[in-house]
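The values are calculated or read from the model by the stated rules, or taken from the named source; none is laboratory data. No experiment lies behind these values; they were computed from the predicted model shown. Don't worry about glycine lacking a Cβ; one is built from the backbone with ideal geometry, like all the others, and counts go over all protein chains shown. Just so you know, the surface numbers come from the protein's heavy atoms only, side chains and all, with ligands and any DNA or RNA stripped out. Shrake-Rupley method; radii C 1.70, N 1.55, O 1.52, S 1.80 Å.
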Amino acid sequence: MMQLERAALGAAVALSVLSIGDAVWRATSEAVAPWDTEGGTTWVVVATNLLMAVTFALLAAVLVRHARRIDDGSAARRWIRRLLAADLAVLASGFVVVNVIDPESVGTVAGVTFLAMFALGAALGAALLRRPDVRLPAALMVAAIPVIGLTFALEALAPGWGHPGYAETALYLGIAMLGLAAAGSGTRTPDRATVGARR
């Protein structure tokens with residue numbers, strides 16, 4: 001019953017491990033990583049792109065599947081969730097086609113959607129923080145933004161250690177855990193603002 005959500009969490013964990021591993025590799029080694037798009041091992045690059053595509057697709061599917069429980073009657077949450085799901089779907093498609101076309105031709109689109117993913121993810125997390133049933137995943141999603149700031153500080157203090165993988169990990173796990181929380185919620189838990197409005 002929760003196969004999609006568990007698959008999304010598994011993929012998010014796998015991609016997070018890869019992201020942190022890439023951060024450590026680049027900080028401690030001058031060798032080209034096998035998954036590096038420029039100079040890496042072809043099959044590893046392809047496998048990495050497919051992992052990213054699958055992860056983004058699963059996270060988008062989780063947001064679509066649990067739309068009603070995530071939105072909980074909020075128009076703001078609904079539109080942020082839709083935009084985030086669409087953004088993740090575009091990223092998933094991009095990491096599929098990048099294996100068969102010139103990566104530079106999709107670089108700009110990928111860059112914009114990648115940055116939008118953090119902004120939209122943090123916005124959705126912030127909109128969910130008041131709901132006890134999803135507070136932990138929401139906090140992880142919001143944490144992606146301050147983690148980006150800390151990453152810049154880390155790079156200044158320890159050159160080479162700044163990497164987007166830290167913020168990616170918080171966001172990927174947050175979205176995946178949001179799906180698990182929504183799937184495990186037998187009844188809808190309204191936030192305080194909704195309760196106040198009904199009174």
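Rounded to two decimals, what is the ratio between the C-alpha radius of gyration of the range 104-166 and 2.2 N^0.38 Å?
Dividing the Cα Rg of the range 104-166 by 2.2 N^0.38 Å gives 1.33.
Search the structure for amide H atoms under 5 Å from the amide H of Gly162, placed 1.01 Å from N in the peptide plane, and list their residues when 5 or more places away or on another chain.
Glu155
Once neighbouring chains are kept in place and the probe is 1.4 Å, which whole percent of the accessible area of the chain is contributed by carbon and sulfur?
That fraction is 68 percent.
Using bins 10 angstrom wide from zero, how does P(r) for the range 4-83 break down, in % of all Cα pairs?
Answer for the range 4-83: a P(r) of 17, 35, 25, 16, 6, 0 percent.
Determine the equivalent ellipsoid of the chain by diagonalising the alpha-carbon gyration tensor, then write out the semi-axes as square roots of 5 times the eigenvalues, largest first, rounded to whole Å.
Numbers: eigenvalues 198, 70, 41 Å².
After diagonalising the Cα gyration tensor, the semi-axes are 31, 19, 14 Å.
Can you run the Rg to Rh ratio on the range 50-97? Use alpha carbon positions and the Kirkwood inverse-distance Rh.
Checking Rg against Rh, the ratio lands at 1.05.
Once the convex hull of the alpha carbons of the range 28-67 is built, what does its volume come to per residue, in cubic angstrom?
Values: hull volume 2.7 nm³, N = 40.
Here the figure is 69 Å³ per residue.
Given R₀ = 22 Å, what would the calculated FRET efficiency be for Arg130 paired with Leu83, taking r from the Cβ atoms and rounding to 0.05?
Details: r = 20 Å, r/R0 = 0.92.
Between Arg130 and Leu83 the formula returns 0.60.
Which of the GluC sites (Glu not before Pro) found in the range 1-72 are loop residues per DSSP with 14 or fewer other Cβ atoms within 10 Å of their Cβ?
When the GluC sites (Glu not before Pro) of the range 1-72 are filtered for loop state and at most 14 Cβ neighbours within 10 Å, Glu30, Glu38 remain.
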